[in-house]
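Participant: Right, I'll just put the structure down here and ask away after.
The values are calculated or read from the model by the stated rules, or taken from the named source; none is laboratory data. As the structure is a computational prediction, the values presented were derived from the model and not from experiment. In this analysis, Cβ positions are derived from the backbone assuming ideal geometry, glycine residues included, and neighbour counts consider all displayed protein chains.
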Amino acid sequence: MSRAGSGVSRLRASIPLREDLVELAGYHSPQVSVEVRLNTNESPFPPPASWLEELVSLARQVEYHRYPDRGYVALRSAVAAHHGVEPEMVFCANGSNEAIQCLLLAYGGPGRTAAVFEPTYALHSHISRLTGTAVHRGWRDGEFAVTRECVDSVLSSSAPAVTFFCSPNNPTGRSEDPEVVGYALASAPGLVVVDEAYGQFGRWSALDLMGDAAGSAGERLVVLRTFSKTWSMAACRLGYLIGPPEVVAACDSVALPYHLNSLTQAAGIAALAHVEEMEERVALIIAERERIERSLTELDVETWSSDANFLLFRPRSMPARVLWEALVEESVLLRDCSSWPGLEGCLRVTVGTAEENTRFLRALARILHALAGPTVDTAAQSTGGQEGGA
Ligand SMILES: *Cc1c(COP(=O)(O)O)cnc(C)c1O
């Protein structure tokens, strides 16, 4: 954040930056070099070898002197077929973040508002501001759930052109309540966007509401998905939205020409032939998540149950930042969420391979026990921690 800040002020000295961007800090997870990287919610597994072979063979067929298929017809149909929707309901982009940007270019902008429910994925409000869209921040309840009351409070104080949900919610981990999303669909004046970056880990999908939400409510629902997490393809930068054809057409019209390069299109097409392998990986990660969850309950930390591939927790006996740094010393990198709104004292850990998770859990236990000191009985320590202590 400070690096982004100093870059901005250097620029400001020469050519004045857009005023509304001056105060805007960048969204960057530090890329520290460590052995165990559990900070950005990627899959710990590479994609299947057969996917890579297929991609290589598709890459050989590309005519590199020509622009890519602007309408990415084959990829669009493959994504549509995967979800059982019409191709006119699919918009693909360089990561779901670009899909969010296109949505906000088309439906946000000066004089319009996007609503979010904090704590949630920071990029929803960040990209809103980048596109000149005002942000209305609603708040989740004490258990990080969006309730009807949260929705009412947001809708009565703003008329958002776009209302963001995140299911499962990053960084708190729980799926949104389908009943509340349905309620928002029935009452919000603008688009209701459900970001399902972790959808395959979740308990339900807002795509299930797409059929039911007929009439005007159905014209407002947009679901975001990405290949970056469950598909093990973060390096490819490919994501998409499913929504009403008018919304897809609007996104097509604000996207840059030929925004999806031929290799990205090929990567997505090849991936969709490997659904089973993806699902196997999701199952492995869920099993590991449950193991981490159980181990955390034996340590002096507060945890929340998760429907995703990450877990939020709060150490009771030391400040989050101190723990984060001690873990980096052990070559384990987590996400420090402690300065995010509503997440004081919290860290987020991404589920890694079994070996990585074991290294994380051992390092964590070592650090927390070392703090307790050799004279303190560890069992007593784990039940006697004071909330907000240290
Ligand atoms: C990781 C993540 C994304 C993914 O963004 P891409 O641009 O597709 O890599 C989107 N939404 C949420 C909530 C995420 O956590």
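Participant: Which one of these is touching a residue at least 12 places away in the same chain (Cβ under 8 Å), assigned by TED's automatic domain parsing to the domain that holds N170 and out of contact with any Phe, Trp or Tyr (no Cβ under 6 Å at 6 or more places or on another chain): Y67, Y72? Please lay out each step first, then the result.
Facilitator: Details: Y67 fails: out of contact with any Phe, Trp or Tyr (no Cβ under 6 Å at 6 or more places or on another chain).
Sole residue among the options that is touching a residue at least 12 places away in the same chain (Cβ under 8 Å), assigned by TED's automatic domain parsing to the domain that holds N170 and out of contact with any Phe, Trp or Tyr (no Cβ under 6 Å at 6 or more places or on another chain): Y72.
Okay, residues lined up against (1) farther than 19 Å from F227 by Cα; (2) polar (S, T, N, Q):
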site: E88; (1), (2): yes, no
site: F91; (1), (2): no, no
site: G95; (1), (2): no, no
site: I127; (1), (2): yes, no
site: L130; (1), (2): yes, no
site: G142; (1), (2): yes, no
site: D152; (1), (2): yes, no
site: S158; (1), (2): yes, yes
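Participant: Which of the residues spanning region 348-381 are at pLDDT 95 or above and more than 32 Å from the chain's Cα centre (by Cα)?
Facilitator: Within region 348-381, none qualify.
Participant: When both residues are 6+ apart or on different chains and their Cβ atoms are under 6 Å apart, which pairs have a first residue that lies in region 357-372 and is under 20 Å from A287 (Cα atoms), and a second that is assigned to a helix (DSSP H, G or I)?
Facilitator: Once the first residue is under 20 Å from A287 (Cα atoms) and sits in region 357-372, its partners that are assigned to a helix (DSSP H, G or I) give N357/E288; N357/I292; L361/S295.
Participant: Moving on. Just to check your reading of the model, which residue among R60, R70, R66, R37 is surrounded by 11 or more Cβ atoms within 10 Å (Cβ to Cβ) and more than 29 Å from E330 (Cβ to Cβ)?
Facilitator: On inspection, the qualifying residue turns out to be R70.
Participant: Also, I was wondering about something else. Determine, yes or no, whether G190 is away from the ligand (no atom under 15 Å from the Cβ) and in contact (Cβ under 8 Å) with a residue 60 or more places away in the chain.
Facilitator: Working: away from the ligand (no atom under 15 Å from the Cβ): yes; in contact (Cβ under 8 Å) with a residue 60 or more places away in the chain: yes.
Yes, satisfied.
Participant: Select, from G138, G109, G142, G132, the only residue that is without any contact (Cβ under 8 Å) to a residue 12 or more places away in the chain and surrounded by fewer than 23 Cβ atoms within 10 Å (Cβ to Cβ). Step through it out loud before you land on a result.
Facilitator: Working: G138 fails: without any contact (Cβ under 8 Å) to a residue 12 or more places away in the chain; G109 fails: without any contact (Cβ under 8 Å) to a residue 12 or more places away in the chain; G132 fails: without any contact (Cβ under 8 Å) to a residue 12 or more places away in the chain.
Exactly one residue qualifies, and that residue is G142.
Participant: Out of curiosity, is A197 in contact with a Lys or Arg (Cβ under 7 Å, 6 or more places away or on another chain), assigned by TED's automatic domain parsing to the domain that holds H82 and within 18 Å of H83 (Cβ to Cβ)?
Facilitator: Criteria met by A197.
Participant: Working carefully through the options V62, V90, V146, find the one that is within 16 Å of the ligand (Cβ to nearest atom), more than 30 Å from D336 (Cα to Cα) and of a type in the set (V, I, T).
Facilitator: Values: V62 fails: within 16 Å of the ligand (Cβ to nearest atom); V146 fails: more than 30 Å from D336 (Cα to Cα).
Result: V90 is the single residue among V62, V90, V146 that is within 16 Å of the ligand (Cβ to nearest atom), more than 30 Å from D336 (Cα to Cα) and of a type in the set (V, I, T).
Participant: Follow-up. Do we have any residue at all in region 289-299 that's outside the structural domain of R140 (by TED's automatic domain parsing), more than 28 Å from S33 (Cβ to Cβ), part of a loop (DSSP other than H, G, I, E, B) and out of contact with any Ser or Thr (no Cβ under 6 Å at 6 or more places or on another chain)?
Facilitator: Among the residues of region 289-299, at least one is outside the structural domain of R140 (by TED's automatic domain parsing), more than 28 Å from S33 (Cβ to Cβ), part of a loop (DSSP other than H, G, I, E, B) and out of contact with any Ser or Thr (no Cβ under 6 Å at 6 or more places or on another chain), which makes the answer yes.
Participant: Within region 223-259, work out how many residues are within 13 Å of the ligand (Cβ to nearest atom), among the aliphatic types (A, V, I, L, M) and either closer than 19 Å to F45 by Cβ or more than 16 Å from the chain's Cα centre (by Cα) (or both).
Facilitator: Selection size over region 223-259: 4.
Participant: Kindly indicate which of V135, V154 is β-branched (V, I, T) and either at pLDDT below 95 or touching a His at 6+ places or on another chain (Cβ under 7 Å) (or both).
Facilitator: None of the other options fit; the residue is V154.
Participant: Within region 225-234, can one find any residue that is more than 18 Å from E88 (Cα to Cα), of a type in the set (A, V, I, L, M) and assigned by TED's automatic domain parsing to the domain that holds V73?
Facilitator: Yes, because at least one residue in region 225-234 is more than 18 Å from E88 (Cα to Cα), of a type in the set (A, V, I, L, M) and assigned by TED's automatic domain parsing to the domain that holds V73.
Participant: Out of all the residues in region 158-178, is one or more crowded, with 23+ Cβ neighbours inside 10 Å, charged (D, E, K, R) and within 16 Å of the ligand (Cβ to nearest atom)?
Facilitator: The answer is yes; a qualifying residue exists.
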